[in-house]
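The block underneath contains the structure these notes are about, expressed in structure tokens.
The values are calculated or read from the model by the stated rules, or taken from the named source; none is laboratory data. Bear in mind the structure is a predicted one, so any value in this text is a computation, not a measurement. A quick note on method: Cβ atoms are made from the backbone with ideal geometry, for glycine too, and the neighbour counts reach across all protein chains shown. Only protein heavy atoms, including side chains, enter the accessible area calculation; ligands, DNA and RNA are left aside. Shrake-Rupley method; radii C 1.70, N 1.55, O 1.52, S 1.80 Å.
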Amino acid sequence: MNMTMKKFSATITQGLARSSSALSQSSTTVSTPSFAPPGRLGTLQGLRGVHSFPASSGGDLEAVTPVRNLINSLAPGPPIPPGVQSHAPWFTPPPGPQSHPSTPFLSTDFGATTPGNAIAKRTSTVAFESPDIIASDPDTALVAARQARKAAHNAKRRRYKHYAENAALQKVLRNTGRLLQVHFATVCPFPDMEQKDRAVTDKFSEALRIHGYDNDWYTLTNEDEKLLLGEDSSVRSRVRKAAVANVPKAYGLHKTPRGPQVMENRDRVAFLLEDSRFHCKSPLDKLGRFQHDVIAEIIHDVWFSHPTALGCLYQSSFNPIPSSVLSLVLTVVRHVLLMYKDGKMHDNDFTAASWVQYDEYLTAVEQFDSGEMEKVWFRYRQNLFKDGLQFARAVPEEAEREATIQLAQADEMQRELAALQATLAHETESDDAPVAEEVLDLAL
């Protein structure tokens, strides 16, 4: 019995040894190919450039198609781009051979500067560091995580409602915020830190004067400044929200594409981004620069949505619609179109890094402010403003009229004082003069 058990145990030991040796030999001679499926990793690699997934050495796996670069190039689609015009999504494609679609605003060279208006453009080439600047990525899971982090950050921020215990200060800060929103929309939508700090200081002083306080009435704390410094981001966010709602319908894009609709979206966006023709009244003919209906729709939704909207309260700043407002809207519309670049909508953040494209649009828009086009373009922007007031059902401010009478200057007041004193002195002397005797006799 013992001998039998010993033989059985030896047999098992030898079998295990042979199995272990076979597994060890297999692990050293067999190489299992590892490759990334065209999912999240493929998308991330596509953002950095064109990459190919490694194929199997044994040739048992099919070669994987290289990931198309989503930033620096557009893959050529079918030769027939869909026509696009305002409120009419289907058109006959333009005749002639189709060139490779491209857009001049895909450059990521942040060292380049654009000459021109030093007030409305960025004066610094250093990217503004702010919590709202987070790298965009089309991956749904990463977008959700990024939005969750941003929501958590915003939940900790101080809001105007938190100043309810001090009503006077709350009014001043709210007014400062409105003044900053008007400034960032009409003067400098993409300010650097120096421009932001200067704007906060100026607008807070202006709000103090409006409410009748001296500059030393209150000193802004760090939390106050953080609140006010975020107004430029607030303006851009509101424009983005309006663009996301209006752009798909304006250009005939499918919000939830299926099957061939994905290709239709991709080709249509590629056509619209070609030399930024999307801003034209007729993108198909590339005519009517900066006059597409969606531009006016976004302007009205953001600044003229009701009678007390900023465009109605601060009419002098929006009449006519400034070039900075038009350029900001163009930059955001381009951003939303890029969200549909591969045919499906990806919720990418619109950050302050877009100041490069904004400056280029501003230079192009300001080209209309000179020569024979200047007066006509001024009237067009005035009409945009008037349409905004009508959209909001707001009353236009009365035009300044000539005063019925001008107030007297200081030197004039001195002359008037001397003349009036002399008149009164003469009357006093007349009252104190002696009465004639004959007059007294008559009185008796």
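Residues in the stretch 262-280 that are surrounded by 21 or more Cβ atoms within 10 Å (Cβ to Cβ) and either at pLDDT below 95 or in contact with a strand residue (DSSP E or B) (Cβ under 7 Å, 6 or more places away or on another chain) (or both): Ser276, Cys280.
In the stretch 301-317, the condition of being of a type in the set (D, E, K, R), assigned to a helix (DSSP H, G or I) and surrounded by fewer than 24 Cβ atoms within 10 Å (Cβ to Cβ) is met by at least one residue. Search the stretch 230-261 for residues being open to solvent by 30 Å² or more (accessible area, probe 1.4 Å), in a helix (DSSP H, G or I) and not polar (S, T, N, Q), and hand back the single one that is farthest from Gly177 (Cα to Cα). It comes out as Pro260. Note on the stretch 344-385: among residues that are in contact (Cβ under 8 Å) with a residue 40 or more places away in the chain, out of contact with any Leu (no Cβ under 7 Å at 6 or more places or on another chain) and hydroxyl-bearing (Ser, Thr, Tyr), the one that is farthest from Ile295 (Cα to Cα) is Thr351.
Quick check on my filter: what residues within the stretch 344-385 are in a loop (DSSP other than H, G, I, E, B) and crowded, with 21+ Cβ neighbours inside 10 Å? Selection gives Phe350 alone. Within the stretch 195-222, the set of residues being open to solvent by 90 Å² or more (accessible area, probe 1.4 Å) and farther than 11 Å from Asn175 by Cβ comprises Arg198, Asp214, Asn215, Asp216, Trp217, Thr219, Asn222. Looking only at the stretch 386-402, residues that are open to solvent by 50 Å² or more (accessible area, probe 1.4 Å) and either under 14 Å from Gln291 (Cα atoms) or assigned to a loop (DSSP other than H, G, I, E, B) (or both) come to 10 in all. Residue check: is His211 at pLDDT 90 or above and either among the acidic types (Asp, Glu) or closer than 25 Å to Ile299 by Cβ (or both)? Criteria not met by His211. Inspection of the stretch 272-290 finds a residue satisfying the criterion of being free of Cβ contacts under 8 Å to residues at least 24 places away in the same chain, outside any loop (DSSP other than H, G, I, E, B) and in contact with a helix residue (DSSP H, G or I) (Cβ under 8 Å, 6 or more places away or on another chain). A single member of Asn222, Asn246 is out of contact with any Asp or Glu (no Cβ under 6 Å at 6 or more places or on another chain) and among the polar types (S, T, N, Q), and it is Asn222. Would you be able to say whether some residue in the stretch 327-334 is outside any helix (DSSP H, G or I) and either of a type in the set (Lys, Arg) or farther than 28 Å from Leu253 by Cβ (or both)? Checked against the condition, which is being outside any helix (DSSP H, G or I) and either of a type in the set (Lys, Arg) or farther than 28 Å from Leu253 by Cβ (or both), the stretch 327-334 yields no hits at all. Of the set (1) within 17 Å of Gln357 (Cα to Cα); (2) modelled with pLDDT under 95; (3) open to solvent by 40 Å² or more (accessible area, probe 1.4 Å), all apply to Asp192 but (3).
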